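Enquirer: Would you mind keeping the following structure in view while I ask a few things?
Laboratory data are not the source of any read-out in this text; all were calculated from the coordinates shown. The shown structure was predicted, so the numbers you read here are calculated from the model rather than taken from an experiment. Cβ coordinates were reconstructed from backbone atoms using ideal geometry, including for glycine residues, and neighbour counts include every protein chain displayed.
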Amino acid sequence: MTRLELARWQFGITTVYHFLFVPLTIGLGFLLAIFQTAAHRTGNDVYRRMTSFFGKLFLINFGLGVVTGIVQEFQFGMNWSQYSRYVGDVFGPPLAMEGLMAFFLESTFLGLWIFGRERLSPRLHLATIWIVSIGSILSALMILAANSWMQHPVGFRINPATGRATLTNFWAVLTNQILIVTFWHTILAAIATGAFFVIGISAFHLLRHNEVELFRKAAGIAMVVAFVASLGVAFVGHMQAQVMTKIQPMKMAAAEALYDTETGASFSLLTIGNLSGQPIFQIRLPHLLSVLATNSWNGKVEGINDIQAQERAQFGPGSYTPVIWVTYWGFRTMVGAGFAMIGLSSLGLYLMRRRRLERSRRFLWVLVPALALPYIANSAGWIFTEMGRQPWVIYGLMKTTTAVSPTVGTADVTATLLGFTLLYGVLAAIDFWLMARIGRAGPSAQDDEHEAGQAEPALVY
Amino acid sequence: MHHDWLAVAWFVGIALFWTGYFFLEGFDFGVGILLPVVGRDEAGRRVVVNTIGPFWDANEVWLIVAGGATFAAFPEWYATMFSGFYLPLFLILGALIMRGVAFEFRGKGADAGWRRLWDRSIFFGSLVPAVLWGVAWGNILRGVPIDAHHDFTGSLLDLLNPYALWAGLTTGLLFTLHGAVFLTLRTDGDVLQRARAVARRLAWPAALAVIGFLVWTYVNAERAAYLGLVPPLVPVAAMGAAIAVTWLVHERLEGWAFVGTALAIVLLIATIFLNLYPRVMVSSLGAANSLTIDNAASGHYTLRLMAIVAAIFTPLVLAYQGWTYWVFRTRVTSGRLAAQPPAPPPAPPPAPASHPAAQPSAPPAAQPSAPPAAQPASRPSAAGPATPGQ
């Protein structure tokens with residue numbers, strides 16, 4: 001593999017890995033804030049125990065999110081120094097602000113939340129978890145501002161003296177139309193992740209008739225959140241598709257493996273065979289793609305061949321087409337998992353209203369592995385949107401091939417790729433094992449300890 | 001290119017973020033390094049880890065902000081430094097990963113083998129960055145092969161020169177001492193006694209390392225006929241602080257000793273930056289290739305935007321981080337909370353007598369955040385050991 005390919009694999013692995021933990025931090029943090037608010041308002045002990053049980057799982061997840069985040073920030077300089085030189089002026093500020101405005105808030109108040117239960121007033125302690133949640137959402141806004149700029153660069157000019165991007169309007173970066181849709185899409189997806197996490201674990205315990213009251217209540221709150229969030233994700237996703245059709249037509253065409261421009265284009269649900277235009281078998285829903293992309297029954301959707309020709313005329317010779325099978329299946333995986341989440345949460349809400357959730361054992365059995373759905377959707381979504389931008393690292397401005405660090409040796413990139421991947425793999429396995437163990441054990445174990453006064457509240461670690 | 005005063009301000013800003021990082025994470029690196037020495041048994045190790053429990057994560061954010069601010073204000077510097085120090089940074093990142101997860105994981109397993117694994121990763125995860133950051137900064141100042149395109153063209157061996165290794169030894173020792181003194185302020189009983197003993201034993205080696213590093217820095221600068229802005233006051237004060245600590249730990253004036261180690265760190269970083277000025281990264285292939293404030297900085301708009309954001313948020317961060325140290329000001333003991341006497345009213349350490357003018361601002365969060373200054377006598381350890389594990 002070349003240095004470029006190695007660096008890309010490293011970026012992809014680190015990013016997908018990092019984003020396994022981030023959505024749960026955002027989503028579960030938000031739910032913890034709701035649980036603790038319920039505990040504070042009602043004084044019902046079951047909410048307090050719910051908060052502390054899911055809080056423990058939250059912390060296991062949080063640590064890995066933080067440490068992989070440092071790699072995420074540093075790897076721009078390590079592997080993509082040409083990119084960093086070219087865009088630092090525009091891309092650096094949101095990253096710096098993320099640290100200054102969001103990470104400090106998140107980490108400091110999380111420390112207060114974990115260790116401060118006995119030292120802060122209940123109200124102040126409740127405020128700390130809300131601040132953690134706000135901090136995590138703010139950090140998403142900043143990093144997505146940076147990413148959206150890569151998808152659709154705005155608010156800058158190229159400095160003629162240096163040939164590099166120079167920020168001219170930060171407000172334009174923050175109101176980038178890609179950012180507005182991407183932010184809501186990501187935040188809602190993260191909240192859905194947290195909700196399905198709570199639902200999955202609650203379903204597991206409900207199946208065993210363990211702590212029925214606690215988990216019925218937890219699943220109840222999470223089910224409403226899951227329904228609203230996953231419906232919202234789809235709704236915003238639809239808006240996002242329209243923005244994408246306008247700004248990155250190639251990505252939309254690649255998502256559909258649509259080679260020729262069509263009016264009244266159908267949506268391909270599934271393809272067997274190759275994606276190069278001669279499938280063996282396909283299921284297509286007429287007109288749906290046009291409606292999704294343009295909001296009109298017979299709207300025109302441009303195909304890969306036309307866009308390739310246009311971009312070649314505009315940017316010079318070369319391929320401007322991403323890897324179609326990745327975008328096509330990435331998009332389908334994301335949308336498919338998303339619709340499964342909408343379906344499950346609507347059914348769950350219906351059963352809850354009928355007060356039949358705990359007795360619907362088969363449905364509960366489905367909800368446990370459904371915990372994986374948002375993870376699948378999140379990863380597929382990022383792979384789709386980042387791979388769909390190729391060959392560009394900054395759409396229309398800089399190609400990925402020119403972004404890599406020129407003097408870092410192939411051996412070095414190989415060593416760090418292997419090192420990080422190995423480390424990530426081992427830690428993911430340990431993390432999963434710990435989560436499963438603590439999630440399965442349920443809230444009673446730690447509670448008894450606390451009530452017997454054995455666990456020193458100040459000694460949390 | 002004209003000299004943009006905002007770029008100079010950001011040079012100072014970056015210096016402050018790194019200073020904040022080394023001052024704060026310095027002691028929690030030290031605490032991590034001393035974990036096997038000071039925490040002899042499980043109860044002791046739990047106390048040691050919990051002294052930095054509420055803080056380490058927020059301390060580490062200073063690094064993220066230092067990195068992010070460098071990216072924003074000096075993209076060239078960020079790109080050259082991070083791609084140039086490729087393998088050391090990989091080791092630092094790996095170490096920080098192992099250390100970060102260890103804090104979360106260690107208490108969540110049942111058996112001793114599990115804890116030993118994570119205690120080891122806290123130890124190495126603290127030791128490796130404590131030393132390698134020194135090596136990295138030694139190299140930034142000494143100069144590394146940087147070509148006309150600002151790309152690092154050397155190899156790992158170029159980074160392992162005696163001066164940079166001495167710098168690594170210096171930060172390693174100084175952070176460990178800083179951590180030992182921090183432990184004397186945050187613990188009680190046996191752990192406190194052992195932390196005191198370590199602090200006394202480490203004070204002289206750390207002071208000698210600091211003195212050696214500063215003298216060597218001066219000699220290097222003299223030889224290169226480049227003294228930067230380095231007025232003797234700052235490095236001499238750094239030596240003074242390091243020497244003062246040797247006496248303060250003997251007299252058990254631990255609040256002051258903490259001020260001393262903090263000052264030594266702050267003044268050491270200040271010396272490096274003053275000697276760098278107006279360069280940000282020195283090229284050993286000729287002065288023309290060096291990265292400077294002028295040729296590495298972002299445009300005026302970005303610098304101004306970031307200056308406004310930093311001016312608003314940095315004081316806010318200092319205030320709430322300082323408040324955290326206030327909330328968790330009582331000593332961590334291995335007994336039950338109920339068995340602990342109520343917290344004594346903390347006396348914040350008085351402001352240091354002489355405040356060197358060259359030091360741009362007070363050490364971040366030092367005054368509001370430092371734990372209660374030297375408490376008169378060591379209280380005997382509170383009753384029984386905690387039941388370890390959850």
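Enquirer: Please report, in debye to the nearest 20, how large the charge dipole of the protein assembly as shown is about its Cα centre when each Lys and Arg carries +1 at its beta carbon and each Asp and Glu carries -1 there.
Expert: Working: 55 positive and 44 negative charges, 370 e Å.
Value, rounded to 20: 1780 debye.
Enquirer: Now for a separate question. What full-extension length gain, to one decimal in nm, is calculated for A:Leu288 and A:Ala309 as 0.36 nm per residue of separation minus the Cα-Cα distance? Can you show the working numbers first?
Expert: Numbers: separation 21, 0.36 × 21 = 7.56 nm, distance 2.54 nm.
Separation in residues times 0.36 nm, less the Cα-Cα distance, equals 5.0 nm.
Enquirer: What distance in nm separates the two pseudo spin-label positions at A:His209 and A:Arg362, each 7 Å out from Cα along the beta-carbon direction?
Expert: The modelled label-to-label distance comes out at 2.2 nm.
Enquirer: Find which of A:Ala309, A:Val154, B:Trp323 sits farthest along the positive direction of the dipole of the protein assembly as shown, computed with +1 on the beta-carbon of Lys and Arg, -1 on that of Asp and Glu, about the Cα centre.
Expert: Projecting each Cα onto the dipole axis, the largest value belongs to B:Trp323.
Enquirer: Where does each of A:Val181, A:Val67 land when they are ranked from fewest to most other beta-carbon atoms within 10 angstrom? Each step should come with its number before you reach the end.
Expert: Details: A:Val181 20, A:Val67 27.
In order of increasing Cβ crowding within 10 Å: A:Val181, A:Val67.
Enquirer: Here's a follow-up. Taking the Cβ-Cβ separation of A:Ile13 and A:Ala161 as r and a Förster radius of 25 Å, what is the calculated FRET efficiency to the nearest 0.05?
Expert: Values: r = 37 Å, r/R0 = 1.48.
With R0 = 25 Å, the Cβ-Cβ based efficiency is 0.10.
Enquirer: Also, I was wondering about something else. Could you tell me how many degrees, from 0 to 90 and to the nearest 10, lie between the Cα long axis of helix A:324-353 and the main elongation axis, the longest principal axis, of the Cα atoms of chain A?
Expert: Between helix and principal axis, roughly 30 degrees.
Enquirer: For segment B:1-99, with the dipole built from +1 on Lys and Arg beta-carbon atoms and -1 on Asp and Glu ones, taken about the Cα centre, which of B:Val38, B:Ala58, B:Pro88 lies farthest toward the positive end?
Expert: Farthest along the dipole direction, towards plus: B:Val38.
Enquirer: May I pose another question? Counting Lys and Arg as +1 and Asp and Glu as -1, each charge on the Cβ, what is the dipole of chain A about the Cα centre in debye, to the nearest 20?
Expert: Working: 32 positive and 24 negative charges, 192 e Å.
Result for chain A is approximately 920 debye, rounded to the nearest 20.
Enquirer: Enumerate the lysines that A:Lys246 could reach by cross-link, defined here as Cα to Cα under 19 Å, with residues fewer than 8 away along the same chain left out.
Expert: A:Lys300
Enquirer: In addition: Distance between the C-alpha centers of segment A:164-184 and segment A:76-143? Whole Å please.
Expert: Each part's Cα centre sits 19 Å from the other's.
Enquirer: Under 20 Å from a point 7 Å along the Cα-to-Cβ line of A:Thr401: which residues of segment A:1-19 have their amide N that close?
Expert: Flagged as within label range: A:1-12.
Enquirer: What angle, in degrees between 0 and 90 and rounded to the nearest 10, separates the Cα long axis of helix A:177-207 from the longest principal axis of the Cα atoms of chain A?
Expert: Computed tilt is about 40 degrees.
Enquirer: Still on this structure: For A:Val66, what charge total do you get from the other residues with a beta carbon under 10 Å from its beta carbon, if Lys and Arg give +1 and Asp and Glu give -1? Show your work: numbers first, answer last.
Expert: Values: positive: none; negative: A:Glu106, B:Asp57, B:Glu60, B:Glu104.
Taking every Cβ under 10 Å from that of A:Val66, the sum is -4.
Enquirer: Sort out for me the Cα centre separation of segment B:49-68 from segment B:271-300, rounded to whole Å.
Expert: Centre-to-centre distance over Cα atoms comes out at 28 Å.
Enquirer: Here is a follow-up. Can you put B:Tyr78, A:Tyr320, B:Tyr218, B:Tyr21 in order of Cβ neighbours within 10 angstrom, beginning with the fewest? If you can, show how the numbers build up before the last one.
Expert: Numbers: B:Tyr78 28, A:Tyr320 19, B:Tyr218 16, B:Tyr21 22.
Going from least to most buried by this count: B:Tyr218, A:Tyr320, B:Tyr21, B:Tyr78.
Enquirer: Across peptide A:402-412, what mean number of C-beta atoms from other chains lies inside 10 Å of a residue's C-beta? All intermediate terms of the calculation are to be shown ahead of the outcome.
Expert: Values: counts 0, 0, 1, 8, 6, 12, 7, 4, 0, 1, 6.
Other-chain Cβ atoms within 10 Å of each residue's Cβ, averaged: 4.
Enquirer: Also, I was wondering about something else. Any idea what angle helix A:104-115 forms with the longest principal axis of chain A, computed on alpha-carbon atoms, 0 to 90 degrees, nearest 10?
Expert: Compared with the principal axis, the helix lies near 20 degrees.
Enquirer: Count the net charge of all other residues whose Cβ sits under 14 Å from the Cβ of B:Thr246, scoring Lys and Arg as +1 and Asp and Glu as -1. If you can, show how the numbers build up before the last one.
Expert: On the way: positive: B:Arg196, B:Arg200, B:Arg201, B:Arg252; negative: B:Glu251, B:Glu254.
Charge balance in the 14 Å sphere: +2.
Enquirer: Between A:Asp45 and B:Trp323, how high is the FRET efficiency from 1/(1 + (r/R0)^6) when r is the Cβ-Cβ distance and R₀ = 35 Å? Nearest 0.05. Don't skip to the end; give the middle numbers.
Expert: On the way: r = 29 Å, r/R0 = 0.84.
So, using R0 = 35 Å, E works out to roughly 0.75.
Enquirer: While we're here: Please compute the average number of Cβ atoms from other chains found within 10 Å of each residue's Cβ in peptide B:206-215. Show your work: numbers first, answer last.
Expert: Values: counts 0, 0, 0, 0, 0, 0, 0, 0, 0, 0.
Counting Cβ atoms of other protein chains within 10 Å of each residue's Cβ and averaging gives 0.
Enquirer: Taking the Cβ of each residue in A:His185, A:His125 as the centre, tally the other Cβ atoms inside 10 Å and list the residues starting with the fewest. Can you show the working numbers first?
Expert: On the way: A:His185 22, A:His125 17.
Ascending number of Cβ neighbours within 10 Å: A:His125, A:His185.
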